[in-house]
Amino acid sequence: MKRTILLIDDEKGFTNMLSMNLRATGDYDVVVENNSLHALQTALEAHPDLILLDVIMPNKEGPDVFTEIKENLALRNTPVIFLTATVTEDEVNTYGGRIGGNTFIAKPTRMEDLLDSIERNLIASY
């Protein structure tokens, strides 16, 4: 059974590339939202199994979107992985891939690292 991943990131080139690579695994359906102002509504409509969320976006930043998601009863238990270019891979690895209790992945990332993190978070959520 394919699981649905919601990818929220304002960089269309990045979301196109990442969604194509995730779909190519055959394990995931991917829903993309490039406008952070629509992220909560898209999440409610998509019922994702996991959310990949950019940290720095115009209009509404990732932590604000995260708060909206976690305050919503329908989405509160959906795992969220932050994607960010504001920290390096070494910084993320120093903290075991978690900052403030949340999973972070530095952009750019290796696909195998991202897939591993997705699977770990999906397993932990069930």
Among LEU75, SER19, THR109, which residue has its Cα furthest toward the positive end of the charge dipole of the chain, with +1 on Lys/Arg Cβ and -1 on Asp/Glu Cβ?
LEU75
Taking a point 7 angstrom from the Cα of MET1 along the C-beta vector, which residues in the stretch 39-59 have backbone N less than 18 Å away?
46-51
Total charge dipole magnitude, the stretch 22-91, about the Cα centre, Cβ charges on Lys, Arg, Asp, Glu only, Debye to nearest 20
220
Looking at the chain, what % of its DSSP beta bridges pair antiparallel, to the nearest 5?
10
With 10 angstrom as the radius, rank ILE56, ILE123, ILE51, ILE105 by how many other C-beta atoms surround their C-beta, starting from the fewest.
ILE123, ILE56, ILE105, ILE51
Roughly how many Å is it from the Cα centre of the stretch 59-82 to that of the stretch 1-19, as a whole number?
16
Test of understanding: what is the full-extension gain from ASP64 to ARG23, defined as 0.36 nm times their sequence separation minus their Cα-Cα distance?
12.0 nm
Exposure proxy ranking, count of Cβ atoms within 10 Å, fewest first, for SER117, SER36:
SER117, SER36
Sorted by chain and number, the residues with a modelled amide H under 5 Å from that of ASP29, at a separation of 5 or more or across chains, are ARG3, THR4, ILE5
Magnitude of the Cβ-charge dipole of the chain, K/R +1 and D/E -1, about the Cα centre, nearest 20 debye?
240
Based on the alpha-carbon gyration tensor of the stretch 3-125 and its eigenvalue square roots a ≥ b ≥ c, which shape applies: rounded if a/c is under 1.5, prolate if not and a/b is larger than b/c, or oblate?
rounded
Which whole-number percent gives the relative contact order of the chain, counting Cα pairs below 8 Å spaced six or more residues apart?
21
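The numbers here are math on the coordinates, done by the rules we state, and not lab data. Bear in mind that the values here come from a model prediction, so they are computed numbers and not experimental data. Virtual Cβ from ideal backbone geometry, glycine too; neighbours counted across all protein chains shown.
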